[in-house]
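K.L.:
Quick one: the structure is below, questions incoming.
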Amino acid sequence: MVNFKMKVSIIGGSGYAGGEVARILLSHPQVELAQVTSESHVGEYLYNVHPNLRGRTKVQFTTPDQIVACDVLFLALPHGEAQKQIEHYASLAPRIVDLSADFRLHDMGAYKKWYGEEHHAPNWVSKFVYGLPELHRAEMKDAKYISGVGCNATASNLALLPLVRANLLDPSRPIVVDIKVGSSEGGNSPSLASHHPERSGSVRTFSAVGHRHTGEVEQELGLTNVFLSITSIEMVRGVLATAHCFLKPGTAEKDLWRAYRGAYKDEPFVRIVKDKTGIYRYPEPKILSGSNYADVGFEYDESTCRLVSLCAIDNLMKGAAGSAVQAMNLMCGFEETVGLEFAGLHPI
């Protein structure tokens, strides 16, 4: 256990994910938030951009070239930017957590397939551990570099992980994951799609096929028959992944309980939600806002072997900043849950 405060800095702290990392770190008892960069807000206080941090910090945004050496560096840059300067960032800190998609996919053919371009630093990819603790906790404890996770991939992976580990899926049938997301998934840069008259009240499918996060699910779960579809709904934070799949003949509900409990009984941030009554008998992203929890549930039709497996998360927390800080805790030898204990709000 590390007994002194580590200096931690953030490259790209003006976006939603970077702001959430800052919020968590400001309450983390074992780190000091040293510097935060933003090219468009240099000299401004963090709370000018992230008003929820008012009264919590006097840190001001600096330019990236003003960052000095620190113990841990979070990279919260737009996709494609971290890989261009990874050598420089590695010279600033011995430990890096990158929230972008730059180092998530290990196969460069898959990277080109899903992102449509060649990687700028392919020799660095193998140095990064994929940043979902439920899949790579042991590797994270010895890692120096950890990648971010896709929010939609995280919800999909956690919905399907128990079934994969228990070998219950019928490999001859496709797995279709219908994902509902909030507006914050689009980031904080305004566009026509985020303009209030166009966004309010909409149920808008924007990635019916070929979503990039499919590559992460294929890589992490070893699946080749999984298909994601994404729809934006009237919600700011949150992801609800609803995975429609078929199980091997003879699978009983007791086998499912064994699989889900076996996968998650020791996970500090995954809760099985499957009640017989009540309005929250299935996972609901609304009540997870601001928390690092993932709620997982299922419903099974034994007569047809059809299973609906659900996972709800806050896309900015378990789908981004929360998992990133959880990864930092593991990498630095802290208690895994430190700084991430907030339970969410109800009602909200």
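The values are calculated or read from the model by the stated rules, or taken from the named source; none is laboratory data. Given the structure is predicted, the values throughout are model-derived calculations rather than measurements. Every residue, glycine among them, receives a Cβ derived from its backbone with ideal geometry; neighbour counts consider all protein chains shown. Remember, those area values only see protein heavy atoms, side chains included, never the ligands or the DNA or RNA. Shrake-Rupley method; radii C 1.70, N 1.55, O 1.52, S 1.80 Å.
K.L.:
If I go through the range 182-207 residue by residue, how many of them are open to solvent by 30 Å² or more (accessible area, probe 1.4 Å), under 20 Å from residue 101 (Cα atoms) and not charged (D, E, K, R)?
P.N.:
Going through the range 182-207 one residue at a time, the tally reaches 6.
K.L.:
Counting only residues that are in contact with a strand residue (DSSP E or B) (Cβ under 8 Å, 6 or more places away or on another chain) and in a loop (DSSP other than H, G, I, E, B), which one in the range 118-140 is nearest to residue 90 (Cα to Cα)? Let's see the steps before the verdict.
P.N.:
Taking the range 118-140 as the starting set, the residues that turn out to be in contact with a strand residue (DSSP E or B) (Cβ under 8 Å, 6 or more places away or on another chain) are 124, 127-131, 134, 136, 139-140.
Of the ones still in play, those that are also in a loop (DSSP other than H, G, I, E, B) are 127, 130-131.
Values: 127: 11, 130: 17, 131: 17 Å.
The qualifying residue nearest to residue 90 (Cα to Cα) is 127.
The rows are residues; the columns are (1) at pLDDT below 95; (2) under 14 Å from residue 328 (Cβ atoms); (3) open to solvent by 80 Å² or more (accessible area, probe 1.4 Å); (4) in a loop (DSSP other than H, G, I, E, B).
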position	(1), (2), (3), (4)
4	yes, no, yes, yes
22	no, yes, no, no
25	no, yes, no, no
48	no, no, yes, no
52	no, no, yes, no
57	no, no, no, yes
61	no, no, no, no
68	no, no, yes, yes
77	no, no, no, yes
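K.L.:
Condition test on residue 323, is it open to solvent by less than 20 Å² (accessible area, probe 1.4 Å) and assigned to a strand (DSSP E or B)?
P.N.:
In short, no.
K.L.:
For the range 92-115, how many residues are touching a His at 6+ places or on another chain (Cβ under 8 Å), open to solvent by less than 20 Å² (accessible area, probe 1.4 Å) and either farther than 19 Å from residue 15 by Cα or in a helix (DSSP H, G or I) (or both)?
P.N.:
Initially, the range 92-115 is screened for residues touching a His at 6+ places or on another chain (Cβ under 8 Å), giving 100-102, 108, 111-112, 115.
Okay, now just the ones that are also open to solvent by less than 20 Å² (accessible area, probe 1.4 Å), so 100-102, 111.
Narrowing the set further to residues that are either farther than 19 Å from residue 15 by Cα or in a helix (DSSP H, G or I) (or both) leaves 111.
Within the range 92-115, residues that are touching a His at 6+ places or on another chain (Cβ under 8 Å), open to solvent by less than 20 Å² (accessible area, probe 1.4 Å) and either farther than 19 Å from residue 15 by Cα or in a helix (DSSP H, G or I) (or both) number 1.
K.L.:
Do we have any residue at all in the range 141-156 that's part of a loop (DSSP other than H, G, I, E, B), open to solvent by less than 20 Å² (accessible area, probe 1.4 Å), among the hydroxyl-bearing types (Ser, Thr, Tyr) and at pLDDT 95 or above?
P.N.:
no
K.L.:
Do the conditions hold for residue 214, that is, is it loosely packed, with under 13 Cβ neighbours inside 10 Å, in contact with a helix residue (DSSP H, G or I) (Cβ under 8 Å, 6 or more places away or on another chain) and among the hydroxyl-bearing types (Ser, Thr, Tyr)?
P.N.:
For residue 214, the condition - loosely packed, with under 13 Cβ neighbours inside 10 Å, in contact with a helix residue (DSSP H, G or I) (Cβ under 8 Å, 6 or more places away or on another chain) and among the hydroxyl-bearing types (Ser, Thr, Tyr) - is not met.
K.L.:
Take the range 253-273 and flag every residue that is open to solvent by 20 Å² or more (accessible area, probe 1.4 Å) and either outside any strand (DSSP E or B) or at pLDDT below 95 (or both).
P.N.:
Narrowing the range 253-273 to residues open to solvent by 20 Å² or more (accessible area, probe 1.4 Å): 253-255, 257-258, 261-262, 265-268, 271-273.
Scanning the range 253-273 gives 253, 254, 255, 257, 258, 261, 262, 265, 266, 267, 268, 273.
K.L.:
Here's something else I'd like to know. Tell me, please, whether a residue that is in contact (Cβ under 8 Å) with a residue 24 or more places away in the chain, buried (at least 24 other Cβ atoms within 10 Å of the Cβ) and touching a helix residue (DSSP H, G or I) at 6+ places or on another chain (Cβ under 8 Å) can be found in the range 326-337.
P.N.:
So far as the range 326-337 goes, yes, one or more of its residues are in contact (Cβ under 8 Å) with a residue 24 or more places away in the chain, buried (at least 24 other Cβ atoms within 10 Å of the Cβ) and touching a helix residue (DSSP H, G or I) at 6+ places or on another chain (Cβ under 8 Å).
K.L.:
Go over the candidates 21, 72 one by one and state the one that is under 21 Å from the mean Cα position of the chain (by Cα) and closer than 17 Å to residue 316 by Cβ.
P.N.:
21
K.L.:
Is at least one residue of the range 32-42 closer than 30 Å to residue 152 by Cβ, in contact with a Pro (Cβ under 7 Å, 6 or more places away or on another chain), open to solvent by less than 60 Å² (accessible area, probe 1.4 Å) and touching a residue at least 12 places away in the same chain (Cβ under 8 Å)?
P.N.:
Within the range 32-42, one or more residues are closer than 30 Å to residue 152 by Cβ, in contact with a Pro (Cβ under 7 Å, 6 or more places away or on another chain), open to solvent by less than 60 Å² (accessible area, probe 1.4 Å) and touching a residue at least 12 places away in the same chain (Cβ under 8 Å).
K.L.:
A further question follows. Would you confirm, using the coordinates I've provided, whether residue 162 is farther than 21 Å from residue 320 by Cβ, in a loop (DSSP other than H, G, I, E, B) and either open to solvent by less than 30 Å² (accessible area, probe 1.4 Å) or out of contact with any helix residue (DSSP H, G or I) (no Cβ under 9 Å at 6 or more places or on another chain) (or both)?
P.N.:
Numbers: farther than 21 Å from residue 320 by Cβ: yes; in a loop (DSSP other than H, G, I, E, B): no; either open to solvent by less than 30 Å² (accessible area, probe 1.4 Å) or out of contact with any helix residue (DSSP H, G or I) (no Cβ under 9 Å at 6 or more places or on another chain) (or both): yes.
When the stated conditions are applied, residue 162 does not pass them.
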